Amino acid sequence: MEKFTIYTQAKSSLGGKRSDTLTGVVASGNLEILFERKGEPLAVIVEVMTASHGYQHVWEAVIKDFVARVSPGGMYISIHDNGARPDTVLLRLMQGARLMEARS
Amino acid sequence: MIPENVMNQPSWYESSARARIEGLLDAGSFKEILGPQDHVMSPHLALFDLPPAFDDGMIIGRGLIDGRPVAIAAQEGQFMGGTFAEVSGAKLVGLLRAVARNAGTPQEVSTVFLLLDTGGVRLQEANAGEMAVSETIHAILDVRHAGVPVVALIGGRAGAFGGGGLVTACCSHIIISEQGRISVSGPEVIETNKGVEEFDSRDRALVWRVTGGRSRVLLGGADSYVKGDIGSFRKAAEVINNNAPPLSLETLEREQGRLEHRLKAYGNCHDTPEIWVIAGLSTPAGIADLTEDDFIDLLVKEGVRHDAR
Amino acid sequence: MMPDNLISALFPHGHTLSAGAENTLSGQARSGGRDVEVLGITNSTPLGPETAIILAGHVLKIVKSDNKTPIIFLIDTASQRMTRRDEMLGLNEYLAHLAKSIILAGMAGHRTISVLYGTAAAGAFIATALSTQTMIAVDGAHPSVMDLASIARVTKLPLDVLTEKAKKTPVFAPGVEPLAATGAVSEIWKLSDGLCAERLSRLLADNQSMNNDNRDVLGAGRGGRTMAADVAQRVEKAFVQASDLKKAG
């Protein structure tokens with residue numbers, strides 16, 4: 001298991017009212033992502049726990065892409081990964097952000 | 001083969017545990033207990049270098065079905081095979097104990113729904129998982145003793161194997177789909193231990209004939225048979241009421257008679273079609289080939305009812 | 001074969017135990033000045049539908065007599081029997097039926113105690129010894145969920161690595177000590193010390209709220225299951241708080 005935390009900043013806070021949401025499942029080739037609205041309004045903290053070792057630079061690239069697309073300021077994002085591909089990771093991140101932006 | 005109106009429905013088999021809960025309960029009524037945001041996870045998986053899940057593959061809570069308050073628990077079969085383990089098991093046990101304790105109070109629920117999807121005990125925490133199964137069984141019986149029915153819904157990818165098979169048969173009522181499988185030792189386990197001539201786990205038709213939903217409901221191992229979409233499970237869950245048998249000496253005496261009779265009548269059979277011949281079914285060899293509608297018609301015609309468990 | 005050593009150690013004041021069909025035993029015995037019912041499985045028999053239904057039938061007959069006589073189960077089974085035929089016949093129902101019968105006896109006021117004197121594993125362990133209110137392990141007891149070799153196969157870990165890990169935690173290793181640590185086994189007795197009959201009569205005298213399943217609390221106290229009891233209690237508390245569904249969302 002490899003663990004690391006990626007700290008970054010967004011241009012704006014993520015909208016919506018939900019305090020937290022979970023997407024995905026820790027199945028083989030998949031991952032789960034927990035979004036929690038906490039911390040500084042522009043801060044984005046991503047805690048990664050992954051079964052695949054040696055891919056931190058790929059995670060950093062995916063998170064950078066995600067932050068540029070969505071601007072998820074104020075999100076504390078925790079990931080449990082069981083070998084998901086980068087496109088799956090991005091898809092789940094986008095899903096989670098969309099759920100957090102929901103009105104109720 | 002699969003009619004279009006069924007194909008467009010979300011499938012129970014393909015869905016996640018959370019999607020099954022959403023589809024089963026009244027919209028927006030689910031209130032999760034110890035959810036992912038509580039971070040209550042397995043302390044044992046790290047020893048095996050395995051990633052944990054925020055809910056440990058067990059989602060529990062309260063909700064409404066047709067406006068009636070119910071308790072619900074769902075195993076996520078895609079995470080560690082939906083296994084019983086220390087945390088996942090304790091969540092289920094805690095829910096069941098709470099239901100039993102609150103029966104007859106303003107906090108009571110009318111029914112407990114168990115969306116089982118499990119390979120049995122999680123071997124990485126085998127002892128804790130085994131205890132969780134035993135504690136779950138004790139707690140289910142306490143809930144039934146308190147007058148609240150416990151209903152199992154079986155139709156997930158992982159089936160209901162190992163201790164999950166025992167837990168299922170301790171429930172008041174079992175709803176199953178064609179894809180649902182119930183067994184103690186799985187076909188792979190039997191093949192590994194006893195050889196391929198005892199059970200060829202790659203013979204899918206055989207596996208389904210032995211463990212699958214159609215055979216289980218015909219034999220009495222399940223009570224309600226539904227098509228594999230979430231909507232059908234929901235409809236079956238709506239009509240469950242307190243007619244489910246209470247846990248009593250009389251119920252278990254009837255089960256004793258039912259199971260003794262089964263052993264006497266079918267104990268020498270080698271495959272399910274032999275059982276259906278003795279049982280006098282009209283299409284003993286073709287049960288698996290019937291369409292869903294024809295199979296459901298057959299159940300209605302045969303008047304198959306197994307209410308002693 | 002009847003476990004004669006065990007029987008004479010537990011019931012020195014007489015008994016009528018005899019071997020029955022399908023490796024079962026049954027009869028009555030005296031313990032602590034009272035009559036007790038005794039049922040058992042012998043010969044490390046894998047638990048199949050035949051053995052399970054005979055035992056359940058005995059238990060239900062005892063419950064029907066409505067005299068609240070204690071029931072002692074002497075257990076030497078194995079795993080559940082692994083055959084296609086048994087699974088086809090619904091082995092899960094037979095094992096569950098036995099578990100339900102034993103637990104019902106407890107609810108109906110019978111003190112239920114299992115004495116494990118041989119192997120018991122997986123589903124057979126759940127359906128027998130783990131369904132009683134109190135489990136005692138004596139000489140020869142070897143409870144398990146699955147043997148380490150099988151666990152190694154499923155977890156895809158080398159056996160020596162797994163054996164090494166088993167030294168660090170009681171959570172998956174087979175045997176009396178690890179299972180006692182998780183709360184499964186209540187007490188461990190030695191037949192040779194001549195005190196088993198006395199211990200049994202003491203257990204029978206102690207009938208305070210036996211139907212309260214507190215094995216998780218026992219497991220927490222012994223360090224074998226550090227989270228289970230706490231998680232279950234948290235859920236119980238939250239269940240009441242979650243009952244106001246109008247605030248859901």
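Highest mean first, the peptides B:114-127, C:20-33, C:141-154 sorted by other C-beta atoms within 10 Å per residue fall in the order B:114-127, C:141-154, C:20-33.
Relative contact order of chain A, please, whole-number percent, based on alpha carbon pairs below 8 angstrom and at least 6 residues apart. Relative contact order, chain A: 43 percent. Applying a threshold of 20 Å to the alpha-carbon distances of A:Lys38/C:Lys237; A:Lys11/A:Lys38; B:Lys91/B:Lys227 flags A:Lys38/C:Lys237; B:Lys91/B:Lys227 as lying beyond it.
Counting only Cβ charges, +1 for Lys and Arg and -1 for Asp and Glu, the dipole size of region B:4-245 around its Cα centre is about 560 debye. When you filter the trypsin sites (Lys or Arg not before Pro) in region C:172-243 for DSSP loop state and at most 13 other Cβ atoms inside 10 Å of their Cβ, you are left with C:Lys190. Using a cutoff of 8 angstrom between alpha carbon atoms and counting only pairs six or more residues apart, the relative contact order for region C:136-249 works out to 27 percent. Largest first, the three principal axis extents of the alpha carbons in region A:2-101 are 32, 23, 20 Å in whole numbers. In loop segments of region A:35-79 as defined by DSSP, the trypsin sites (Lys or Arg not before Pro) with at most 14 further C-beta atoms inside 10 Å of their C-beta are A:Lys38. Summing charges over all other residues whose Cβ lies under 15 Å from the Cβ of C:Asn214, with Lys and Arg as +1 and Asp and Glu as -1, gives -3. Would you please classify the overall shape of region B:246-309 from the alpha carbon gyration tensor, given that a ≥ b ≥ c denote the square roots of the eigenvalues, rounded means a/c under 1.5, and beyond that prolate means a/b larger than b/c while oblate covers the rest? Taking the square roots of the gyration eigenvalues as a ≥ b ≥ c, region B:246-309 is oblate. For region A:2-101, DSSP calls about 70 percent of its internal beta bridges antiparallel. Modelled label positions at A:Lys17 and A:Met1, each set 7 Å beyond Cα in the direction of Cβ, lie 3.6 nm from each other. The charge dipole of chain C, taken about its Cα centre with unit charges on the Cβ of Lys, Arg, Asp and Glu (plus for the first two, minus for the last two), comes to roughly 640 debye.
Kindly state, to the nearest 0.05, the FRET efficiency for A:Ser28 paired with C:Ile188, given R0 = 60 Å and r defined as their beta-carbon distance. It comes out at approximately 0.90. For region B:46-203, the Stokes-Einstein estimate of translational diffusion at 4 °C and a viscosity of 1.567 mPa s comes to 81 µm²/s, using the Kirkwood hydrodynamic radius over alpha-carbon pairs.
With a ≥ b ≥ c the root eigenvalues of the C-alpha gyration tensor of chain C, is it rounded (a/c under 1.5), prolate (a/b larger than b/c) or oblate? Verdict is rounded for chain C.
Anyone know which of B:Glu292, B:Glu108, B:Glu253 comes out most mobile in the 10 Å Cα GNM of chain B? The residue with the greatest mean-square fluctuation here is B:Glu253.
For chain B, the relative contact order works out to 15 percent when only alpha carbon pairs closer than 8 Å and six or more residues apart are counted. Between the alpha-carbon centers of region B:212-239 and region B:144-200, tell me the distance in whole angstrom. Distance between centres, Cα-based: 13 Å.
Of the residues C:Ile102, C:Leu191, C:Met227, the one whose Cα sits farthest toward the positive end of the charge dipole of region C:100-249, with +1 on the Cβ of Lys and Arg and -1 on the Cβ of Asp and Glu, is C:Met227.
With the helix formula -39500 (n - 2.57) applied to DSSP H stretches of n ≥ 4, the protein assembly as shown reaches a computed 222 nm mean residue ellipticity of -12000 deg cm²/dmol.
Determine the alpha carbon to alpha carbon distance for each of B:Lys194/C:Lys61; B:Lys301/C:Lys64; A:Lys3/C:Lys168 and list only those over 28 Å. Cα-Cα > 28 Å for B:Lys194/C:Lys61; B:Lys301/C:Lys64; rest within.
Distance between the pseudo-spin-label points of A:Glu60 and A:Thr88 (7 Å out from Cα toward the beta carbon): 2.4 nm. Applying 1/(1 + (r/R0)^6) with R0 = 30 Å to the Cβ-Cβ distance of A:Ala102 and B:Asp38 gives a FRET efficiency near 0.90. Residues whose amide H falls under 5 Å from that of B:Thr118, counting only those 5 or more places apart or on a different chain, are B:Ala158, B:Gly159, B:Ala160, B:Phe161, with hydrogens built in the peptide plane. Using a 10 Å cut-off on Cβ to Cβ distances, tally the other chain neighbours for every residue of B:170-180 and report the average as a whole number. If you average over the peptide's residues, the count of other-chain Cβ atoms is 1.
Here, each number is a calculation from the coordinates, and none is a lab measurement. The shown structure was predicted, so the numbers you read here are calculated from the model rather than taken from an experiment. Using ideal geometry, Cβ is built from the backbone for each residue, glycine included, and neighbour counts are taken over all protein chains shown.
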